[in-house]
Amino acid sequence: MSKPVLIIGGGPAGLAAAHSLATVGKESVIVEKEDRLGGAPILSGYAKLVPTGEWAKDAIGGMVKRVEAESSVKVVTGTKVTDFDGSPGNFTAKLSNGDAVDAEAVIVCSGFTHFDSVNKPEWGFGTYEDVVTTTQVEQMISSGQGVRCPSDDRKPQRVAILLCVGSRDRQIGREWCSKICCTVSSNIAMEIREELPDCHVYIYYMDIRTFGLYETKYYWKSQEEFKVKYIKARIAEVTSDGEKLIVKGEDTLVKRPITIPFDMVVHAIGMDPNVDNPEISETLGIDLETHGFIDVANRYGAMGATSRPGVYVAGSATGPETIDDSIAQGHAAAMAVLSGARDLKTA
Amino acid sequence: MPIHEKSLIRPENLTTHEELTLDGVDVSGHWSTFIETRVVNDYNENLQEEIAALPGGEEIHRCWQCGSCTNACTVNAINEDFNPRYWIYLIRMGMESELLRDKDIIWQCVSCNKCTYACPRDVFPEGVMKATAHWLERKGHTEKSPSTHFDEVFTEQIVKTGKIEESRTMRRFFSRTGQALAQPWMIEMVKRMLRGLPIGLLTRMGLATLVAPKTNDWSKASAAIQEYIDEQHEKQAQALSLAELVETAKQDVAA
């Protein structure tokens, strides 16, 4: 029982796992490749979170503080695991800073990578300054600057949000639904309408997947209270007439072609497998599933078991995941580690 | 209003009455325009399967109506009525009569394949357009299109000789599509060829025109290809229930 648990990645899942382990007096080491804890919500500067509406820096920041205050959690930032060996109860991980960590078990909470919109050039990202991603809009809101067109800092009067950018698209090898973008987009749409009541916000969709309870709180609310306009159309291209962005498509429900000028176009970017996954898979000796996320080997026994005994996975490393579920999985993986340890002792 | 109800308000379904009183209410004149009810009872529930049985139509079931194909479409940019997404919808719903309204423009697909590269589900809309055009031909709704004539002339020649002799292809294509061979541009082209091409090449071309060169030992390959083509045609004819159609037509004539 003397060895700590190695947690790779200090985002919502990793923070939750560390907190759970600390609660029962189990030591852990968080190895985070970036220079601070918090994961995507902190590093990418998210604004208000779904579904609580709390600011990311308060909610996830609070989780970071809670973990940093625990004496049984050791945090190593700016570091990766470079080498890994051993068996359950007795692993050794070498770190990029030269140190080595002896660990009883590992929880991989390495998260995801935001889809890079440059890979859908027809939608203008990288060509026109005023084509931005949902992440950038989150940053505009969370920084307090407000939603402005990057080209000249003006308040947009017309904003188009394009859904499924980097999701559900065989053309670019991303067949999965990223799960959160519909909800995030309707949340952002409401934020924009609240800050800029004169701004018209359109959402272009293939299907709306504000799953579960998000239907009323985001999809319906954004339509009924915030007058966000939803149009069933996948946009063909985003161009510019020199002044405005021009969005072309077909409103499929009324069978009419549309060519509409916009001040700002927002890509609702999806969740890619972490770009480091091949390396993580190689180093830790764990399998990836067909899309490139980390494969979950056991769904009904040990929570978050990977293909290698003693190595667990939680959060969006396993596939597109909400923050809430990532946190829940982090806690559950910690529990799986504890029950794995009990099995080892009785064996 | 769902797409499939749009057909209800075509001009021919709109009526007004000079003098009409219903339950004591005067509904005369165009202020009281009526939309006549139209019961759709001609669904062809096999339509999607029929299109899928023809080359190119195999993946039509994947479509989720995002509209990328229509958005990307070269022809749609010129003619708004050319709408692949809508036709895929009609086919999947089995709305044959609605589809037939557009039978004279469906074949106009130029096979630029922009839709193919836009489609997030790999439905291969260009192939579906081709399959639909062939479906219209084989069901007897449209005449064979020029491109079908060309494909046939081309294929027949390959099957017969194993080679393509261009002048023969041209002559037959022109004759089957009812065009005069002696087009001004054609005469000009031949004139320039006679003037510009080396004598040896011209002689070989001339000879080929006369004797129709054949690949050596071609008969076995020819038979195999023909057998495969016949097999495919038979399969497609079955999928499209062509035999039944012919039977019904015969009975109609007899009656």
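The values are calculated or read from the model by the stated rules, or taken from the named source; none is laboratory data. The structure displayed is predicted, hence computed values, not measured ones. Don't worry about glycine lacking a Cβ; one is built from the backbone with ideal geometry, like all the others, and counts go over all protein chains shown. SASA here: full protein model, heavy atoms, side chains in, ligands and nucleic acids out. Shrake-Rupley method; radii C 1.70, N 1.55, O 1.52, S 1.80 Å.
Among the listed pairs B:Lys144/B:Lys220; A:Lys229/A:Lys255; A:Lys65/A:Lys217; B:Lys139/B:Lys235, those with a Cα-Cα distance over 21 Å are B:Lys144/B:Lys220; A:Lys65/A:Lys217. Between the stretch A:204-278 and the stretch A:185-200, the alpha-carbon centres lie 13 Å apart. Got a sec? Which residues of the stretch B:79-110 lose 20 Å² or more of accessible surface with every protein chain in place, vs. that chain alone, 1.4 Å probe? SASA drop of 20 Å² or more in the stretch B:79-110: B:Glu80, B:Asn83, B:Arg85, B:Tyr86. Label separation (B:Val40 vs B:Glu188): 5.0 nm, computed from points 7 Å beyond Cα along the C-beta direction.
The protein assembly as shown has equivalent-ellipsoid semi-axes of 58, 36, 25 Å, by the square roots of 5 times the alpha carbon gyration tensor eigenvalues, sorted largest first.
For the residue pairs A:Lys80/A:Lys120; A:Lys26/A:Lys179; A:Lys3/A:Lys80, the C-alpha atoms sit more than 25 angstrom apart in A:Lys80/A:Lys120; A:Lys26/A:Lys179.
Over the stretch A:269-334, the reciprocal of the mean inverse Cα-Cα separation, the Kirkwood hydrodynamic radius, stands at 12.0 Å. Looking at chain A, the DSSP beta bridges with both ends there are about 45 percent antiparallel. Each residue of the stretch B:146-211 gets 87 Å³ once the volume of the Cα convex hull is shared out per residue. In the full protein assembly as shown, how much of B:Asp252 is accessible to a 1.4 Å probe, in Å² to the nearest 10? For B:Asp252, the solvent-accessible surface is approximately 110 Å².
Cross-link partners of B:Lys214 among aspartates and glutamates, defined as those whose alpha carbon lies under 15 angstrom from its own and excluding same-chain residues fewer than eight positions apart: B:Glu156, B:Glu165, B:Glu166. Could you let me know the centre-to-centre spacing of the stretch A:78-118 and the stretch B:70-131, using Cα atoms, in angstrom? Here the answer is 50 Å between Cα centres. Averaged per residue, the stretch A:117-270 has 41 square angstrom of accessible surface, using a 1.4 angstrom probe with ligands and nucleic acids left out. Of the Cα atoms belonging to chain B, the radius of gyration and Dmax stand at 24.9, 93 Å.
Once the mean of 1/r is taken over each pair of separate Cα atoms and inverted, the stretch A:55-208 shows a Kirkwood hydrodynamic radius of 19.2 Å. For B:Lys220 and B:Asp151, the difference between the fully extended length at 0.36 nm per residue and the C-alpha to C-alpha distance is 22.6 nm. Spin-label pair B:Thr209-B:Ala180: with each label point 7 Å from Cα along the Cα-Cβ axis, the two points sit 1.8 nm from one another.
When the solvent-accessible area of the stretch B:166-255 is split by element, carbon and sulfur atoms take up 62 percent of it, the probe being 1.4 Å. Counting only DSSP beta bridges whose two residues both lie in the protein assembly as shown, roughly 50 percent are antiparallel.
Helical content alone sets the calculated 222 nm signal of the protein assembly as shown at -11500 deg cm²/dmol, taking -39,500 (n - 2.57) per DSSP H segment of four or more residues and averaging over every residue. In terms of Cα atoms, the Rg and Dmax of the stretch A:225-330 work out to 20.9, 58 Å.
Estimated at 0.36 nm per residue, the fully extended path between A:Glu282 and A:Asp343 surpasses their Cα-Cα distance by 19.3 nm.
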